[in-house]
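First the structure, in the form of structure tokens, and then the observations on it.
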Amino acid sequence: GQFIFGVERITGLFFDTQTITYTDETTNKEYKHKFKATTFGLLGVDSASPAQLPRFALDYVVAQGFTVGASFVISTRPLSISDGGGQQPPAPHTANSDGHTLMGGARIGYAYPFDSTFGIWPRAGLSYASSTSEVTGTDPTTGASTGTYEYRVGFGNLNLELLGALSPIKHIVLLAGPYLDLGLGGSYSIFDTTGTEIDK
């Protein structure tokens, strides 16, 4: 009968692999590209994927240590530029593209305390993340705009966590341990200014 509120994945060492496959409609040949990222974050992460996003979570202890819960993230990134005259430069890499990210997940777990200070909390669940970004292309020689495009990507994951718990103060718990977010599939699309899908 207890609620547990948490802020998760704010510190860690993350190994991330994403594979994108697509078929060339002209040649009917399939191509596969694999991206790998290693990230370390202390009290914050510049995430390379939804698996690394810090998140809010709410769990409920149903009975005898069994828990049900949910986690979520909402992030928006409006980007604008003031006209300073001359050629308008493209957005620098330090300024994230205009867009938003939504992620939500549900899980079950079993919290087992060894005593009032130490315990374990294995959990399993499913999550889905959707992210969009708007990018304006620029001709590198003339600086002229080549158009604005919207990128949309979605990820479905199976989430497995094996966490140890340390409670130095009553009602305050620090969790640490390995997790695996196993990709169940996803989609990646590009749209032009008219909303027409031009690639996927």
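The values are calculated or read from the model by the stated rules, or taken from the named source; none is laboratory data. Small disclaimer: the values here were computed from a predicted structure and weren't measured. Note that each Cβ is placed from the backbone with ideal geometry, even for glycine, and that neighbours are counted across all protein chains shown. Heavy atoms of the whole protein, side chains included, go into the accessibility calculation; ligands, DNA and RNA do not. Shrake-Rupley method; radii C 1.70, N 1.55, O 1.52, S 1.80 Å.
Annotations for the structure displayed:
- Protein accessible area in the chain, 1.4 Å probe - carbon and sulfur %: 60 percent
- Label reach from HIS100 (point 7 Å along Cα→C-beta): in segment 35-77, amide nitrogens under 15 Å belong to 73-77.
- Whole-number accessible area per residue in Å² for the chain, which is evaluated in the context of all protein chains at 1.4 Å: 68 Å²
- A simple packing score, the average count of other Cβ atoms within 10 Å per residue, orders the peptides 23-33, 106-116 as 106-116, 23-33, with the highest score first.
- Kirkwood analysis of segment 150-200, using all unique Cα-Cα pairs, places the hydrodynamic radius at 14.4 Å.
- For segment 1-47, a simple Cβ point-charge model (Lys and Arg +1, Asp and Glu -1, everything else neutral) yields a dipole of about 160 debye relative to the Cα centre.
- Using the average count of surrounding beta-carbon atoms within 10 Å as a protection proxy, the listed peptides 55-63, 36-44 rank, highest first, as 55-63, 36-44.
- Lys/Arg +1, Asp/Glu -1 at C-beta; the chain dipole; positive extreme among THR101, THR193, TRP121: TRP121
- Estimated FRET transfer efficiency when R0 is 41 angstrom, pair TYR22-GLN2 (beta carbons, to 0.05): 0.30
- In order along segment 36-43, phi translates into HN-Hα couplings of 10, 9, 10, 10, 10, x, 10, 6 Hz, rounded to whole numbers, per the Karplus curve 6.51 cos²θ - 1.76 cosθ + 1.60 with θ = phi - 60° and x for Gly and Pro.
- Residue among GLY177, SER131, SER71 farthest towards the positive dipole end of the chain, charges placed on Cβ: GLY177
- Point-charge dipole on Cβ atoms (K/R +1, D/E -1) for the chain, about Cα centre, debye to 20: 700 debye
- The chain, Rg to Rh (Cα coordinates; Rh as Kirkwood inverse mean 1/r): 1.07
- Charge sum, other residues only, whose C-beta stays under 15 Å from TYR128's C-beta, Lys/Arg counted +1 and Asp/Glu -1: +2
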